[in-house]
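Working notes for the structure below.
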Amino acid sequence: MRILLTLLFCLTCPLALAKTFITADAYVDVESGKTFENPVVIVDGVLIETIRGNLRDASPDDEVINLAGKTLMPGLFDMHVHLIGNKMLKGAARVQESDQVALLAGMANARAMLMAGVTTVRSLGSSSYGDIALRDGIKAGYVIGPRVFASGPALGITGGHCDNNWMPRERDIRNAGVANGPWEVAAKVRENIKFGSDVIKFCATGGVMSKGTKVGVQQYTLEEMKMIVSEAHRRGLIVAAHAHGTSGIKDAIRAGVDSVEHASYIDDEGIKLAVENGTYLSMDIYVTEYILGQGIADGIPEENIEKERTVGNIQRENFRKAVNAGVRMVMGTDAGVYPDFSDSPTQLSRMVEFGMTPTQALQAATINAATLLNKQETLGSLKAGKVADIIAVDGNPLEDISLLEHVTFVMKEGTVYKQ
């Protein structure tokens, strides 16, 4: 009888799940900007139990991962990517790519980013809702990739940067996010939310990679921008504004956007507005190297190359000014303009080259990004109770930020994807 009762008790008790113990030479506390030696990180399920554990507490069923010689830190965030589509396609092949094939290519792009140590991305614009499908596939475990906060189709004016201007009139094709006037943009925001958008993106000015738009010219009016932001914020979504031109940047900030993308021609007044409003800047200062160095060979039209020639150096100098002024910054690379998604962490060394300390660059790619997403309580740093997104590199990235271009260990949500 005693044996039977014992058996019944065991069958009704929950089984203790194995934990993971990770040892390394050091870890970076990105919130303080300090490095601490000899951590023992205990991961219980998808969460970090502690950073300063003890190996003697490990049971025979627990997994112990020894990362001797390495430094741990939270997984990186890239806050401006375009995951969907085969970015190696040239000319007519780009137009002929179906949504279904583009989504399949997006799966490979997502995997490449995760293997590079990027565990969270903000996907800012796809031609349809492929980025939302990819997000859901990753959540469901069908696809390996980073955590995705997806915008769906970006909002833009007719003929603007977020429209499709490559076709002649008889083959009039417009992007799904095109909307004009306050009530149309409100309806488009509602439509994006209906189909699952996590974030709203709109194009405030012209851009480098569109046909027939001038980079510095404002497209949406302040009234339209205010409507977009009001509608999104009322529904609990953050808003990102693509804006290169000075007036478009400042009106986007006045409208209350959460982040300005590119911000190439931001002036002193715009920098002051960003500081006063707590607006984040996401300035893709690495992508210039690809466009000007490899763009022609990869089929980028001369019109777009010439626009980048005019904007690249100005953007980098204004990045330096914004950093010195104390503007909130996140890492956004525009991955997808350059085709190799594993290059994302390369931007960190450029952020240091153009004004940041290594600590500031790492914060931009971790805790700052998590805070912009309103996820700082669960993501963005290595702390007890936060999600176990952990990466490792050889050496100390606060001494050499380029080490993050060679991530050797990747854990996302407690699962090891690269070791």
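The values are calculated or read from the model by the stated rules, or taken from the named source; none is laboratory data. These figures come from a predicted structure and were not determined experimentally. Cβ atoms come from the backbone with ideal geometry, glycine included; neighbour counts cover every protein chain shown.
Taken together, 55, 114 contain a single residue that is touching a residue at least 60 places away in the same chain (Cβ under 8 Å) and under 29 Å from residue 27 (Cβ atoms), which is 114.
Where strands (runs of 3 or more DSSP E) fall entirely within region 295-414, those with at least 1 residues that are basic (Lys, Arg) are at 328-330, 409-412. Within region 86-105, residues that are over 15 Å from residue 338 (Cβ atoms) and assigned to a helix (DSSP H, G or I) have Cβ atoms under 6 Å from residues that are hydroxyl-bearing (Ser, Thr, Tyr) and at pLDDT 75 or above in these pairs: 99/128, counting only partners at least 6 apart in sequence or on another chain. Cβ separations smaller than 8 Å between residues 6+ apart or across chains give the following pairs from region 222-233 residues that are part of a helix (DSSP H, G or I) to residues that are acidic (Asp, Glu) and surrounded by 16 or more Cβ atoms within 10 Å (Cβ to Cβ): 222/251; 225/251. Residues of region 1-44 that are of a type in the set (A, V, I, L, M) and modelled with pLDDT of 95 or more: 22, 24, 26, 28, 30, 40, 41, 42, 43. Filtering region 216-255 to residues that are β-branched (Val, Ile, Thr) and either surrounded by fewer than 24 Cβ atoms within 10 Å (Cβ to Cβ) or within 17 Å of residue 185 (Cα to Cα) (or both) leaves 217, 221, 228, 229, 238, 239, 246.
Of the numbered criteria (1) at pLDDT below 95; (2) surrounded by 21 or more Cβ atoms within 10 Å (Cβ to Cβ); (3) of a type outside the set (Ser, Thr, Tyr), the one residue 91 fails is (2).
I'm checking my understanding of the structure. Among residues of region 127-144 that are in a loop (DSSP other than H, G, I, E, B) and touching a Leu at 6+ places or on another chain (Cβ under 7 Å), which one is surrounded by the fewest Cβ atoms within 10 Å (Cβ to Cβ)? It comes out as 144.
With respect to the conditions (1) over 22 Å from the mean Cα position of the chain (by Cα); (2) among the charged types (D, E, K, R); (3) closer than 25 Å to residue 149 by Cα, residue 284 falls short on a single one, namely (1).
Within region 363-385, residues that are within 10 Å of residue 31 (Cα to Cα) and touching a residue at least 12 places away in the same chain (Cβ under 8 Å) have Cβ atoms under 6 Å from residues that are in a loop (DSSP other than H, G, I, E, B) and β-branched (Val, Ile, Thr) in these pairs: 363/30; 366/30; 367/30; 380/366; 381/30; 382/51, counting only partners at least 6 apart in sequence or on another chain. With respect to the stated conditions, residue 200 is touching an Asp or Glu at 6+ places or on another chain (Cβ under 9 Å), crowded, with 16+ Cβ neighbours inside 10 Å, modelled with pLDDT of 95 or more and not charged (D, E, K, R).
Under the condition of being within 20 Å of residue 192 (Cα to Cα) and either out of contact with any helix residue (DSSP H, G or I) (no Cβ under 9 Å at 6 or more places or on another chain) or part of a strand (DSSP E or B) (or both), the residues counted in region 237-255 number 5.
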